[in-house]
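Remarks on the structure that follows.
The values are calculated or read from the model by the stated rules, or taken from the named source; none is laboratory data. Just so it is clear, the model here is predicted, and its values are computed rather than measured. Note that each Cβ is placed from the backbone with ideal geometry, even for glycine, and that neighbours are counted across all protein chains shown. We work out accessible area using only protein heavy atoms, side chains counted, and drop any ligands, DNA or RNA first. Shrake-Rupley method; radii C 1.70, N 1.55, O 1.52, S 1.80 Å.
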Amino acid sequence: MPKPPKILLVDDSPLILMVIGQALEKDGFATRRAANAEEAMALLKNESPDLILSDYQMPGTDGFAFRQSLMAIPEYKNIPFMFLTSVTDHAHMIAGISLDAIDYIDKDTPIAFIISKINNYLNSIRERHEHTIRELSSAAMALNLYSVPQETPRINGFEIDFWHKSFENYPGGDFIDAISINNRYTFIILGDVMGKKWGAWFFSFGYLSYIRAAVRLCVSEGDVSTQSIMQKINSVIYHDPVVSEVLSTLSLIMIDSENETLSYTGAGDLPLLYFSHSEMKLNMIGSSGLLLGISKEGGFDEHLFTMQPGDQLMLITDGLIDKETAAGKKTDLNSFINEVAKYLGKADSFATLKNDGFLNEKAREQIDDCSLIFIQKK
C-alpha cells in the first residue's frame with residue numbers, strides 16, 4: 001500500500017490549521033502543522049513533505065520571507081510550495097508566483113477545491129516521475145547499465161542471494177555486484193552512495209567502475225587482499241575531483257572457494273551479520289574503515305574467517321534499519337537484528353525472508369533504498 005502524500009500546513013490561525021488539516025487527512029493525506037515559519041523550519045529538519053501549503057500574512061516571518069528562506073536551502077528549495085491567503089491583491093499574487101510558488105489560493109476557496117488542486121498537482125508530478133523512470137530504465141537497459149546484478153553468482157560450496165528494493169521506484173544509490181575472477185576467487189560488493197534519487201544513482205555507476213577495475217588490477221598482480229583493494233579504490237576516489245565529495249559506503253568480501261575462506265573489508269558500512277550454525281547465535285563483524293574518499297588513508301582493516309556448513313552471512317544497507325517516526329528518521333539496527341534472527345539457521349532462510357513477508361514489511365516502512373546480500377555455506 002503506497003504511503004500517503006505528506007503536506008506541511010503553515011498558518012498562524014489554529015482554526016485554519018484544524019479545518020484544512022482534518023479535511024486533508026480525511027482525503028488520505030498525512031499532515032504536519034506549524035503556526036509560523038520557525039515551527040515549519042523545525043519540522044523540515046526531521047522530514048521532507050511532498051508539498052508545503054503556507055499562509056502569506058503571519059506575524060514575524062511572513063509567507064514571502066519563509067519561501068525565500070526555503071529557496072536559499074538546497075534541500076528545501078525544490079519542495080512544491082503553494083500560498084494559501086486572504087490577500088488577493090494582483091501584485092502580491094505575481095510576487096508569490098515569481099518565487100516559484102506553484103499556486104496562489106484564496107482562503108475563501110472551498111476546501112474541496114483546494115484539495116482537488118493539491119491532488120491534481122501531485123498526480124501530475126507522479127505521472128511525470130513514472131514517465132521519466134520508464135525512459136531512464138530503457139536507456140539503462142540499452143547501455144547495459146545495472147547497479148544490481150541480473151542473476152546471482154554460482155560459487156562452489158556457497159549459496160549467494162540478494163534482494164533489492166528501490167525507494168518509490170526511483171533509482172537510488174545502492175549498488176550490488178559479484179565479480180568472479182576465476183573458479184577460485186569471487187568478490188561480493190555492496191555499496192550505498194549518499195544522496196537521493198538521480199544523483200546517487202548516477203554516481204553509483206562511477207563507483208562500480210572504479211571497484212571493478214581495482215579488483216581486477218590487484219588480482220592480476222597477485223594481490224587478493226580486500227584491505228589492499230579497498231585502499232586502492234579509496235585512493236583513486238580521494239584524488240578524483242568529480243566523485244571525491246560524493247560519499248559512499250562499501251562492503252567488500254572475497255570468497256576463496258578453493259580454501260573455503262572469506263576476507264572482508266568495510267568502508268563506513270554497517271556491520272556484517274554472521275550467524276553461527278554450531279552456536280545458533282547471531283554475531284556482528286564491524287569494520288573500522290571510513291567512507292570512501294573522505295580520507296587519503298581510510299583506516300581500513302581486514303577480517304579473515306572460515307564459514308562452517310550452515311553458517312550464514314548478511315550484508316545490508318541502512319534502508320533496512322531506517323524508518324520514519326513522528327519525531328523524524330530513526331535508525332535501529334538492534335531491532336532489525338532481533339527480528340531477522342528468527343529467520344536464520346535454516347536451509348531455506350533466504351526464501352523464508354522473502355516469502356514470509358519480512359522483507360515486504362521492511363519495504364513498506366522504507367524511506368531509502370533497501371539492499372541485502374545473503375551468503376550461506378553449504
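I need the shape label for segment 1-58. Rule: rounded when a/c is under 1.5, else prolate if a/b > b/c, else oblate, with a, b, c from the alpha carbon gyration tensor. It comes out oblate by the Cα gyration axes. Among the GluC sites (Glu not before Pro) found in segment 203-293, those both in a DSSP coil and sparsely packed, with 12 or fewer other Cβ atoms within 10 Å of their Cβ, are GLU221, GLU245, GLU258, GLU279.
Using the Cα centre as the reference, give the magnitude of the dipole from point charges on the C-beta atoms of segment 222-327 (Lys, Arg: +1; Asp, Glu: -1; all else neutral), rounded to the nearest 20 debye.
Values: 4 positive and 15 negative charges, 32 e Å.
In debye, rounded to 20, segment 222-327 gives about 160.
Across the cross-link table entries LYS232/LYS281; LYS6/LYS354; LYS296/LYS323; LYS77/LYS117, which are compared at the Cα atoms, the separations over 26 Å belong to LYS232/LYS281; LYS6/LYS354; LYS296/LYS323.
Within the shell of other residues whose beta carbon sits under 15 angstrom from the beta carbon of MET58, the net charge comes to -3, with Lys and Arg scored +1 and Asp and Glu -1. Only the Cβ atoms of Lys and Arg (+1) and of Asp and Glu (-1) were treated as charged; on that basis the dipole of segment 3-58 about its Cα centre amounts to roughly 240 debye. What does the charge count around ALA35 come to, taking other residues whose C-beta lies under 12 Å from its C-beta (Lys +1, Arg +1, Asp -1, Glu -1)? Around ALA35, the charge tally is -3. Each peptide in 307-318, 340-351 was scored by the mean count of other Cβ atoms within 10 Å over its residues; highest first, the order is 307-318, 340-351. First check a/c for segment 217-366, with a ≥ b ≥ c the square roots of the eigenvalues of its C-alpha gyration tensor; if it is under 1.5, answer rounded, and if not, answer prolate when a/b is larger than b/c or oblate otherwise. Oblate is the answer for segment 217-366, as a/c is 1.5 or above yet b/c matches or exceeds a/b.
Of the options MET71, ILE16, PHE83, report the single residue whose Cα projects farthest towards the positive end of the charge dipole of segment 1-87 (beta-carbon charges: Lys, Arg +1; Asp, Glu -1). Positive-end residue among those listed: MET71. Let me check I've understood the local charge: for ASP161, count other residues with C-beta under 12 angstrom from its C-beta, Lys and Arg +1, Asp and Glu -1. What total comes out? Residues near ASP161 contribute -1 overall.
In whole percent, how big is the carbon plus sulfur part of the accessible area of segment 208-290, probe 1.4 Å, protein atoms only? Reported share for carbon and sulfur atoms: 53 percent. For segment 279-353, the per residue solvent-accessible surface stands at 49 Å², with DNA, RNA and ligands left out and a 1.4 Å probe.
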